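Here is the structure we will look at.
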Amino acid sequence: MLRPQMEHWSAILRCLSLSPFWRGVWFMQVIGLGMAWFTPLIGNLSDQYGRKALLTLPVTAAIIPLAILAYSRATNFFYAYFAFRTVTDMVGFASINCLALAFLADNTRADKRASAFGILSGVSTAAFVCATVSARFLPETQTFQVGAIVSIASAVYMRIFLKDTKLEKDGEHLPLLSQTNVDHQDVESSKQVQNSEKIPSVLDIVSLFRDRKIVSQAAVVVFFSSLVDCGMQYSILYYLKARFHFNKDQFADVFLIGSLAGTVSLLFVMPLLVEAIGAEKLLSFSLLYGFISWGIYSLSWSPWVPYALALSFFFTYLPGPCIRSIVSKQVGSHEQGKVQGCISGISSLTAVVAPLVFSPLTALFLSEQAPFYYPGFSILCIGSMNLIAFIQSLMIRSDPCTAISNSSSDNPSNVVGASTATEET
């Protein structure tokens, strides 16, 4: 009886003894599942308790893993870092961006949100560029120390200078009702209803997409466009290393060039294009541009081609802010956290799907057992997800008047701007 059990556990240990690449894939899949669960929850709770209170949790938690390796890089401390990093990424990796978008939507007119979201994404991309450049010059022993200091500074800055948004909701002054002649049973039932709305169920999320057609269409676009981003993370490095023998410094250079182009497009080009053609048309154009760009990338014939194409990825960073601005116009201020959290959760699911599909496909066409010679075929397949998202984006037709009225009705500070935009229309 012991022999089958021993064979069973031996098989499990062999599965756990994977290459570093597949261990990283498993790690990201666990984080992806956690983000898909926690991000909608945190976003919905921010509608109840405020953005600042919920933003404090992931921002503060992100300090812990960096502080562990900043203190010591011994083996035991690395295991502790790995455990805390897994938990903090599940809770806060996507939640910080989700809450920042919801906070920005609370304080920005509906017709200006696409530009504002683009600037926020541009700042995030610029931070990635600065971090990559800093890592080149910092000693390896000081990398986590500097990271921990920067994380602490961001948390302190957020707590001191960020002003929370006051969201008026029904039942906000329920404790005051108990001092009047209102029946005690009615007050208790009202509290139960209010508490039941704080944690979203699966049916709540399904109804959000069922009742709002544009949000459901945008969710499809988000899934396929995020599938491209996540699939490239697992395939492009493998492809460049096997095809052109790239090392880690060359990888960093390619990503740095692409991030610089994305920063410029998000900060300076996107606000102009949104004003000229609108977020919906810009979304469709950027998705089609991404499909064509990745199709050319799959035909790379020389090591200089990835560098040149990385500089040309000018519009591939624009779909995210465009989609976020479109869905934010479909709900009021009291649902911004929920809708942004659900969109982030759908995007996080691609961290589970992408490596299972595209990593084996990349390995197959880079091996001698490929059915036909096309080393970049997996890159073409990943890029084709942008074509599917492009077709779906053509069906999105938002009503700007309805979007403005939804925003102004929940945020009184936007009434003047909304009325001005309506008059201009």
(request) Give, as ranges by residue number, the residues of region 363-397 whose backbone N falls under 13 Å from the point 7 Å along Cα→Cβ of Trp304. (result) none
(request) Using θ = phi - 60° and the Karplus relation 6.51 cos²θ - 1.76 cosθ + 1.60, list the HN-Hα couplings for region 96-103 in order, rounded to whole Hz, with x at every Gly or Pro. (result) 4, 5, 4, 5, 5, 5, 5, 4
(request) Quick one: grab Rg to one decimal and Dmax as a whole number for region 276-317, Cα atoms only, in Å. (result) 12.0, 37
(message) Based on C-alpha coordinates, I'd like the Rg and Dmax of region 209-273, in Å.
(response) 16.6, 50
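Before I look further, what does region 52-130 give for accessible area per residue, probe 1.4 Å, in whole square angstrom? Mind dumping the intermediate values first?
On the way: 3580 Å² over 79 residues.
It amounts to 45 Å² per residue over region 52-130.
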(message) At a 10 angstrom cut-off on C-beta neighbours, averaged per residue, how do the peptides 326-332, 296-302, 134-140, 95-101 rank from highest to lowest?
(response) 95-101, 326-332, 296-302, 134-140
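I need the peptides 283-294, 35-46 ranked by packing, meaning the mean over residues of other C-beta atoms within 10 angstrom, with the highest value on top. All intermediate terms of the calculation are to be shown ahead of the outcome.
Working: 283-294: 21.8, 35-46: 23.9.
By packing density, highest mean first, the sequence is 35-46, 283-294.
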(message) Modelling each spin label as a point 7 Å along the Cα-to-Cβ direction, I'd like the Phe77/Ser207 distance in nm, to one decimal.
(response) 5.0
(request) Would you kindly derive the ³J(HN,Hα) couplings of region 45-54 from the backbone phi angles with the Karplus curve 6.51 cos²θ - 1.76 cosθ + 1.60 (θ = phi - 60°), listing them in order in whole Hz, with x for Gly and Pro? (result) 5, 5, 5, 8, 9, x, 5, 5, 5, 6
(request) With θ set to phi - 60°, apply the Karplus curve 6.51 cos²θ - 1.76 cosθ + 1.60 along region 66-74 and write out the HN-Hα couplings as whole Hz, x wherever there is a Gly or Pro. (result) 5, 5, 5, 6, 5, 7, 7, 10, 5
(message) Suppose each label sits 7 Å from its Cα in the direction of the beta carbon; what would the Tyr49-Glu368 distance come out to in nanometres?
(response) 5.9
(request) With the full set of protein chains in place, find how many percent of the accessible area of region 36-75 is carbon and sulfur; take the probe as 1.4 Å. (result) 72
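The values are calculated or read from the model by the stated rules, or taken from the named source; none is laboratory data. All values derive from a computational prediction rather than experimental measurement. With ideal geometry, Cβ positions are generated from the backbone for all residues, glycine too; neighbour counts draw on all protein chains shown. What goes into the accessible areas is simple: the full protein's heavy atoms, side chains included, and nothing from ligands, DNA or RNA. Shrake-Rupley method; radii C 1.70, N 1.55, O 1.52, S 1.80 Å.
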